[in-house]
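The values are calculated or read from the model by the stated rules, or taken from the named source; none is laboratory data. The shown structure was predicted, so the numbers you read here are calculated from the model rather than taken from an experiment. Here Cβ is always computed from backbone atoms with ideal geometry, including for glycine, and neighbour counts include all displayed protein chains. Heavy atoms of the whole protein, side chains included, go into the accessibility calculation; ligands, DNA and RNA do not. Shrake-Rupley method; radii C 1.70, N 1.55, O 1.52, S 1.80 Å.
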Amino acid sequence: MSYFSNIYNGIKTLLTGMSVTGKYFLTSRKGAITQQYPDNRDTLKMFERFRGEVVMPHDENNEHQCTGCQKCELACPNGSIEIIWDRGIDETTGKKKKFIDKHIYHLGLCTMCGLCIEACPTDAIVWAPNFENSTYDRTQLTKVLNRPDSKVKAGIED
Amino acid sequence: MNISLNITETIQEWLIGMMPEGAASIVAMVAVALIYLIIFAVAGLYLVLLERRVAAWFQLRIGPNRVGPLGLLQTMADALKLVSKELTGTIKADKFLYNLAPYFVIVSSLMALAVFPFTKEFQAFDINIGIFFLIAISSVGVIGILLGGWSSNNKFALIGAMRSGVQTISYELSVGLSLLTMVVITGSLQLSEIVEVQKQGWLILQGHVPAIIAFMVYMIAGTAETNRAPFDMVEAESELGAGFHTEYSGMKFAYFFLAEFINMFIIAAVATTVFFGAWLSPFGITESIPWLGAFWFLGKTLVLVFLMMWFRWTFPRLRVDQLLTLEWKYLLPINLVNLVIMAIIVWLNLTIKF
Ligand code: SF4
Ligand code: SF4
């Protein structure tokens with residue numbers, strides 16, 4: 001008798017599958033997930049966890065949170081980050097201290113793995129949702145993340 | 001032989017005024033052939049577009065919508081592109097068979113179109129063995145597929161072609177038997193007479209339970225006949241590249257592609273004719289306007305085509321052994337029992353007639 005129950009189950013499961021796709025078919029006009037990209041450039045909003053490029057946010061006083069610890073440089077598996085650092089005198093304490101000169105990020109080498117962002121102890125670098133990164137010149141993909149004349153936010157090292 | 005060439009007759013009568021009778025009948029035949037060729041080449045292209053839009057909707061996408069208004073010219077553009085492409089081939093291919101194969105496929109599917117009664121008048125060739133002709137013609141196409149696979153000198157193409165052979169030989173049986181089940185009611189193989197019988201109710205209602213079983217078997221076997229998913233092991237992309245047409249390019253590829261879609265239309269059109277009353281309108285609501293028959297015929301056919309697309313985008317592909325189990329252990333026995341039940345029902349006059 002398993003012969004007939006096989007037929008019954010077969011038909012039942014096929015109809016279940018068809019009802020699922022049928023529902024999708026009926027709701028597809030509202031729920032289409034396709035983005036008609038260049039047309040909706042103005043309204044297109046990337047989702048939160050999208051990995052476009054690594055950026056270093058600066059606040060209104062042109063201060064970032066990078067201490068120059070180089071952990072991101074070490075974490076990067078393919079050497080996309082180079083930190084050029086220097087030592088200077090800390091004004092408040094008068095002691096010698098490490099600070100960054102340039103945080104260089106090679107977007108062309110980056111695989112968007114996110115290890116640098118995980119590694120950073122002070123959350124100085126984050127993901128930005130910008131994906132329109134194509135250029136006509138490779139050198140434009142090498143970016144300096146800290147802005148000129150920016151300095152580290154006070155108290156971030158403590 | 002009892003052949004009536006309905007639309008050919010009208011054209012012929014018009015031509016006889018201009019030339020001798022023999023020439024007129026030949027010119028009329030050529031004219032009808034050309035009309036069919038143009039209509040169905042375009043219809044095939046639009047079926048491809050329909051398939052792509054429907055597939056997109058099933059997958060929550062949008063589908064082609066750039067070329068022309070609402071993307072309506074997309075497949076035209078694709079066809080133009082394919083025409084302009086180079087015809088490549090493998091070096092050691094059997095050139096003669098290789099070039100012949102696409103024509104087998106496309107010609108056999110276009111031939112089958114001649115017998116459909118689109119309306120009472122619009123039927124090119126009302127042969128008295130209509131159903132038999134259709135079953136016979138639909139299995140000629142597989143020769144083209146086998147030739148194409150064999151002559152390409154490519155092992156994937158050959159495997160694909162052989163699978164197609166296995167599949168078509170098995171499922172031909174179910175298609176034939178399920179149509180025979182319905183012929184038991186009509187008592188005629190001629191398509192125009194089958195339609196005539198259905199004026200007392202579509203056959204799927206007249207034959208009630210066994211007719212519905214026959215219809216289900218027919219749709220499954222028909223989908224397998226056209227080599228479409230879930231029975232598309234012939235061109236299983238994940239295993240065989242593109243299957244039997246891996247080595248074809250340009251227009252020859254387009255013939256295979258077009259033939260697949262015309263075959264889908266044919267399978268749906270046969271179902272429409274045999275089960276759903278061809279050009280008859282439901283309850284005879286538009287009986288006084290004969291040309292609306294074409295609308296009803298195409299409407300019903302498109303619903304069935306949609307059903308096949310629904311199958312394709314829902315079900316996963318079968319394995320070869322599953323395919324054969326389905327045919328030989330399930331469809332065929334069910335079909336034979338069904339045929340006997342139908343015979344008994346007709347014998348005891350249990351059919352529903354209005
Ligand atoms: S995301 Fe990965 S590859 Fe890119 S800079 Fe960070 S660590 Fe290097
Ligand atoms: S970005 Fe973060 S990890 Fe990299 S040097 Fe600056 S503080 Fe250290």
* Out of the range A:71-80, which residues are near ligand 1 (Cβ under 10 Å from one of its atoms) and surrounded by 15 or more Cβ atoms within 10 Å (Cβ to Cβ)? -> A:C72, A:E73, A:A75, A:C76, A:S80
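Right, A:L115: closer than 24 Å to A:E48 by Cβ and within 14 Å of ligand 2 (Cβ to nearest atom) or not?
Numbers: closer than 24 Å to A:E48 by Cβ: yes; within 14 Å of ligand 2 (Cβ to nearest atom): yes.
Here the answer is yes, as A:L115 does meet what is asked.
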* Kindly indicate whether B:D94 is within 24 Å of B:A268 (Cβ to Cβ) and at pLDDT below 85. => no
* Asked: Restricting attention to the range A:50-89, and to residues there that are away from ligand 2 (no atom under 16 Å from the Cβ) and of a type in the set (D, E, K, R), which single residue is farthest from the other protein chains (Cβ to nearest Cβ)?
  -> A:E60
* To do: Keeping to the range B:316-327, report how many residues are away from chain A (no Cβ under 13 Å) and under 23 Å from B:I212 (Cα atoms).
  => 3
* To do: Would you be able to say whether some residue in the range A:120-127 is of a type in the set (S, T, N, Q) and surrounded by 12 or more Cβ atoms within 10 Å (Cβ to Cβ)?
  => yes
* Filtered residues of the range B:236-268 (kept if in a loop (DSSP other than H, G, I, E, B) and surrounded by fewer than 23 Cβ atoms within 10 Å (Cβ to Cβ)) -> B:A236, B:G241, B:A242, B:T246, B:E247, B:S249
* Asked: Are there any pairs, at least 6 apart or on different chains, whose C-beta atoms fall under 6 Å, with the first in the range B:39-67 and within 14 Å of another protein chain (Cβ to nearest Cβ) and touching a residue at least 24 places away in the same chain (Cβ under 8 Å) and the second open to solvent by 10 Å² or more (accessible area, probe 1.4 Å) and hydroxyl-bearing (S, T, Y), and if so, which?
  -> B:F58/A:T21; B:F58/A:Y24
* Structure fact -> Here the qualifying pairs (Cβ atoms under 6 Å; residues six or more apart or on different chains; first in the range A:76-96 and free of Cβ contacts under 8 Å to residues at least 24 places away in the same chain; second more than 15 Å from ligand 2 (Cβ to nearest atom) and open to solvent by 40 Å² or more (accessible area, probe 1.4 Å)) come out as A:R87/A:K96
* To do: Check A:K97 against each of (1) in a strand (DSSP E or B); (2) open to solvent by 90 Å² or more (accessible area, probe 1.4 Å) and name the one condition it does not meet.
  => (2)
* To do: Write out, first by first residue and then by second, each pair whose Cβ atoms fall under 6 Å of each other, whose residues are 6+ apart or on separate chains, and whose first residue, in the range A:52-75, is more than 20 Å from A:G114 (Cβ to Cβ) and β-branched (V, I, T) while the second is assigned to a loop (DSSP other than H, G, I, E, B) and within 11 Å of ligand 1 (Cβ to nearest atom).
  => none
* Please work out if A:I83 is open to solvent by 60 Å² or more (accessible area, probe 1.4 Å), assigned by TED's automatic domain parsing to the domain that holds A:R138 and among the aliphatic types (A, V, I, L, M). => no
* Asked: Within the range A:138-158, restricting attention to residues that are open to solvent by 70 Å² or more (accessible area, probe 1.4 Å) and among the charged types (D, E, K, R), which residue is farthest from A:G52 (Cα to Cα)?
  -> A:D158
* Asked: Do the conditions hold for B:F118, that is, is it at negative phi and in a helix (DSSP H, G or I)?
  -> no
* **Residue tally, condition open to solvent by 40 Å² or more (accessible area, probe 1.4 Å) and either assigned to a helix (DSSP H, G or I) or farther than 20 Å from B:F116 by Cα (or both), over the range B:193-218** => 10
* Among the helices (runs of 4 or more DSSP H) contained in the range B:6-104, which hold 2 or more residues that are touching a Ser or Thr at 6+ places or on another chain (Cβ under 9 Å)? -> B:6-16, B:21-58
* **Residue that is farthest from the other protein chains (Cβ to nearest Cβ), among those in the range A:27-49 that are surrounded by 11 or more Cβ atoms within 10 Å (Cβ to Cβ) and part of a helix (DSSP H, G or I)** => A:T27
* Top-ranked residue of the range A:115-144 - restricted to ones that are part of a loop (DSSP other than H, G, I, E, B) and either outside the structural domain of A:C76 (by TED's automatic domain parsing) or within 23 Å of A:E63 (Cα to Cα) (or both), ranked as nearest to ligand 1 (Cβ to nearest atom) -> A:I125
